[in-house]
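What follows is one structure encoded as structure tokens, with my remarks underneath.
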Amino acid sequence: MPFIRNYLKTMLMMNMLLTSVMAQASPVTCFNTNMGNFCMELLEKHAPKTVANFLNYINSGAYVQSIFHRSEPGFVIQGGGFKATSLNNEVQISAVNTFDPVANEFGLSNTRGMVAMAKLGNDPDSATSQWFVNLSDNSEAPAFLDSQNGGFTVFAKIIFDGMTVFDAIEDLQRVNFGGPLSSTPAINFDPSQSFQIENFVLINALELHDVTGIFNDKVLSFAVKSGENSFFDVRLVLIAVKPNIVFELDKTSVSSLSTVSTTNMATFSAQDRTLLIPSVMVNETTIVNNVKLSLTNPANFQFTLVNFE
């Protein structure tokens, strides 16, 4: 009897969260640079206007051939503001054409690996194209990025092994070109020679991925819809790999969200206790499809991987 009561209680909670589930993870953008590749998850559920603004710049081609123009070791790496081109073996720097500023949407904290919008001093709603990656926890002293100037809007996070790229950029020598390029990271620069385009940390290309789930740091994350207007963030944590791959629901991760897109859906069948996720990104270059998991331990909300393509 206790098992039956626990099972029914479990299924009730699962139904509340997953019956007729429709899910979508945040978009993932992957960047190819001359210092290596990295990906970031765009957190549109937390900063929808800022993510839409960032996507506008991506779709306009603004970030291709752009440079990381600012490196402050232990603090931030910043880009999105300038492009570098070479004409007759001379480097030319031009500002990225900007759109109207986006309203500040501060919410998530500026900790290591989080990506936030740069803006003008004493003007919270002045962010346009420039963004930075936090190299350390800048939420409180001495940077106070969570409190000064209305708080700096975090709209993405670096995933997989992407922070190794920024740690490498942090270690580069810095060159003072004046103005906003007074602390520019440089690759193999010989001060006795003229600066070449390959000396900049350059974004060569980027690609946007629309996936249902993201598996990062042993956590499978996605958003779920229950009912007409109820949305939740959900994480499944990897707890075993032998003899089977098993995930467990992180109950503390279940949080209510405002309305999100319900395209590219995952589904859960309470009848056969099967969760089907159309696509999951597992690293910078790999996306697996039709990931099928079975609810094998309802009492502990544990799912066993069945197969994937």
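Note down the accessible area of residue 239, probe 1.4 Å, to the nearest 10 Å².
90
Which parts of region 40-84 would a label at residue 204 reach, counting a residue when its backbone N lies under 15 Å from a point 7 Å out along Cα-to-Cβ?
64-67
Below 8 Å, C-alpha to C-alpha, sequence gap of six or more: please give me the relative contact order for the chain in percent. Intermediate values should be presented prior to the final figure.
Details: 743 pairs, mean separation 69.1, N = 309.
Taking the mean separation of contacting Cα pairs over the length of the chain, I get 22 percent.
Please enumerate, by chain and number, the aspartates and glutamates with C-alpha under 18 Å from the C-alpha of residue 292, excluding those fewer than 8 residues away in the same chain.
Residue 292 reaches 248, 272, 309.
Give the accessible area for residue 119 in Å² (nearest 10); use a 1.4 Å probe, count only protein heavy atoms, and leave out ligands, DNA and RNA.
Accessible surface of residue 119 is approximately 40 Å².
Please compute, for the alpha-carbon atoms of region 113-155, the extent along each of the three principal axes and give them in descending order in Å.
23, 18, 12
If r is the Cβ-Cβ distance from residue 112 to residue 270 and R0 is 45 Å, what FRET efficiency results, to the nearest 0.05?
Values: r = 39 Å, r/R0 = 0.87.
About 0.70, to the nearest 0.05.
In degrees, nearest 10, range 0 to 90: what is the angle between the Cα axis of helix 2-18 and the longest Cα principal axis of the chain?
Computed tilt is about 40 degrees.
Could you calculate the FRET efficiency of residue 238 with residue 89 from 1/(1 + (r/R0)^6), where r is the beta carbon distance between them and R0 is 51 Å, rounded to 0.05?
FRET efficiency, residue 238 to residue 89: 0.50.
Expressed as a whole percentage, what fraction of the accessible surface of the chain belongs to carbon and sulfur atoms when a 1.4 Å probe is rolled over the protein heavy atoms? Don't skip to the end; give the middle numbers.
On the way: 7470 of 14590 Å².
That share works out to 51 percent.
With all protein chains present and a 1.4 Å probe, how do 273, 112 order by accessible area, largest first? Intermediate values should be presented prior to the final figure.
Details: 273 80, 112 115 Å².
Descending order: 112, 273.
Full extension from residue 144 to residue 49: what is 0.36 nm times the residue separation minus their Cα-Cα distance, to one decimal in nm?
Details: separation 95, 0.36 × 95 = 34.20 nm, distance 2.30 nm.
Length gained, residue 144 through residue 49: 31.9 nm.
At a probe radius of 1.4 Å, what is the per-residue accessible area of residue 272, in Å² to the nearest 10?
90
Subtracting the Cα-Cα distance from 0.36 nm times the residue separation, let me have the gained length for residue 34 to residue 308 in nm, one decimal.
Details: separation 274, 0.36 × 274 = 98.64 nm, distance 3.31 nm.
Extra length available between residue 34 and residue 308 comes to 95.3 nm.
Taking the radius of gyration and the Kirkwood hydrodynamic radius from Cα positions alone, what is the Rg/Rh ratio for region 78-163, to two decimal places? Spell out each step's value before the answer.
Numbers: Rg = 14.7 Å, Rh = 14.0 Å.
My calculation puts Rg/Rh at 1.05.
Does a label point 7 Å from the Cα of residue 56, set along Cα-to-beta-carbon, have any residues of region 90-115 with amide nitrogen under 18 Å, and which are they?
Under cut-off, by backbone N: 96-106.
What ratio of Cα Rg to 2.2 N^0.38 Å holds for the chain? Before the final figure, lay out each step's value.
Working: Rg = 21.9 Å, N = 309, 2.2 N^0.38 = 19.4 Å.
Taking N as the residue count of the chain, the ratio is 1.13.
Return the sequence-ordered ³J(HN,Hα) values of region 53-61 in whole Hz as given by the Karplus equation 6.51 cos²θ - 1.76 cosθ + 1.60 applied to θ = phi - 60°, using x for Gly and Pro.
4, 4, 5, 4, 5, 4, 5, 7, x
Would you please give the FRET efficiency between residue 193 and residue 168, computed as 1/(1 + (r/R0)^6) with r the Cβ-Cβ distance and R0 = 30 Å, to the nearest 0.05? If you can, show how the numbers build up before the last one.
Values: r = 22 Å, r/R0 = 0.74.
After rounding, the FRET efficiency stands at 0.85.
Compute the accessible area per residue over region 31-149, keeping the other protein chains in place, probe 1.4 Å, unit Å².
Values: 5170 Å² over 119 residues.
Result: 43 Å² of accessible area for each residue.
Compute the length gained on full extension between residue 256 and residue 217: take 0.36 nm times their separation in residues and subtract their Cα-Cα distance, giving the result in nm to one decimal.
On the way: separation 39, 0.36 × 39 = 14.04 nm, distance 2.27 nm.
Once the chain is fully extended between residue 256 and residue 217, it gains 11.8 nm.
Suppose a student asked you for the relative contact order of region 32-115, using Cα pairs under 8 Å spaced at least 6 residues apart; what percent would you report? Write out the running numbers ahead of the final one.
On the way: 76 pairs, mean separation 20.4, N = 84.
This gives 24 percent for region 32-115.
The values are calculated or read from the model by the stated rules, or taken from the named source; none is laboratory data. No experiment lies behind these values; they were computed from the predicted model shown. For neighbour counting, all protein chains shown are included, and Cβ atoms are generated from backbone atoms with ideal geometry for every residue, glycine included. For the accessible areas, the whole protein counts, side chains as well, though only heavy atoms, and no ligand, DNA or RNA atoms are used. Shrake-Rupley method; radii C 1.70, N 1.55, O 1.52, S 1.80 Å.
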